[in-house]
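The values are calculated or read from the model by the stated rules, or taken from the named source; none is laboratory data. On a predicted model such as this, the values are computed, not experimentally measured, just so you know. Methodologically, a virtual Cβ is constructed for each residue, glycine included, from the backbone with ideal geometry; neighbour enumeration extends over all protein chains shown. Only protein heavy atoms, including side chains, enter the accessible area calculation; ligands, DNA and RNA are left aside. Shrake-Rupley method; radii C 1.70, N 1.55, O 1.52, S 1.80 Å.
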Amino acid sequence: MSNPYTGTVASAVRKSQLLLASASTLQEASGAGNMLERQALIEGAVLQLWRAFRAFLAEQSHQLQLGVEPETARDLGRYAEAANKVSAEVTELCNLADNPDSWVVALQSAWRGLLIPGQSPLTAAGAQRSSAVNLIPMAELRDDPAAALTAESVLEWQQALIELVTRQRAQGQEW
């Protein structure tokens, strides 16, 4: 049975590789414009990696015939548990999501930081904040603030995702 999500995973990972390669090229050039362009490329790579991770979750869901596209690894675990489906791959994904020091948690934090105004990793790196004044700041206490994004950290996440996908697909082929 062909999995419709496999191509999306590969495409998004490749796009993140291209974006990071472009960011590395810009690192050698100096100037404020290049710094902003480099940061944009790094952020684009994060978004593509998160897209690849989400597609991989959907790929695993499809393998288990759950009929859903989970948003997080925990969601995938809940759906699998509700359908009484057991999978070592899903267990590993859930363990990564539950480990606060894992690359999955760091990637998810960076992705959320890009989407939630005021919690952007760019803000952590020293970029200008919005001029709007919020007298009662709001924050999710369960979420750690996103660290500043670097090409090196995104490259580490990318390599970890590629390794995870390759290993889990190989395990699936053995069965």
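Checked against the criteria, Leu122 counts as among the hydrophobic types (A, V, I, L, M, F, W, C), part of a helix (DSSP H, G or I) and at pLDDT below 75.
Restricting region 58-74 to residues that are out of contact with any Phe, Trp or Tyr (no Cβ under 7 Å at 6 or more places or on another chain) and open to solvent by 50 Å² or more (accessible area, probe 1.4 Å), which is farthest from Ala148 (Cα to Cα)?
Taking region 58-74 as the starting set, the residues that turn out to be out of contact with any Phe, Trp or Tyr (no Cβ under 7 Å at 6 or more places or on another chain) are 60, 63-65, 67, 69, 71-74.
The next check asks that each one be open to solvent by 50 Å² or more (accessible area, probe 1.4 Å); those that pass are 63, 65, 67, 69, 71, 74.
Working: Gln63: 35, Gln65: 38, Gly67: 36, Glu69: 29, Glu71: 24, Arg74: 25 Å.
It comes out as Gln65.
Being in contact (Cβ under 8 Å) with a residue 12 or more places away in the chain, surrounded by fewer than 15 Cβ atoms within 10 Å (Cβ to Cβ) and closer than 18 Å to Thr166 by Cβ is a property that Ala55 lacks. Looking only at residues of region 75-110 that are under 19 Å from Leu164 (Cα atoms) and open to solvent by 60 Å² or more (accessible area, probe 1.4 Å), we find that the one that is modelled with the lowest pLDDT is Val86.
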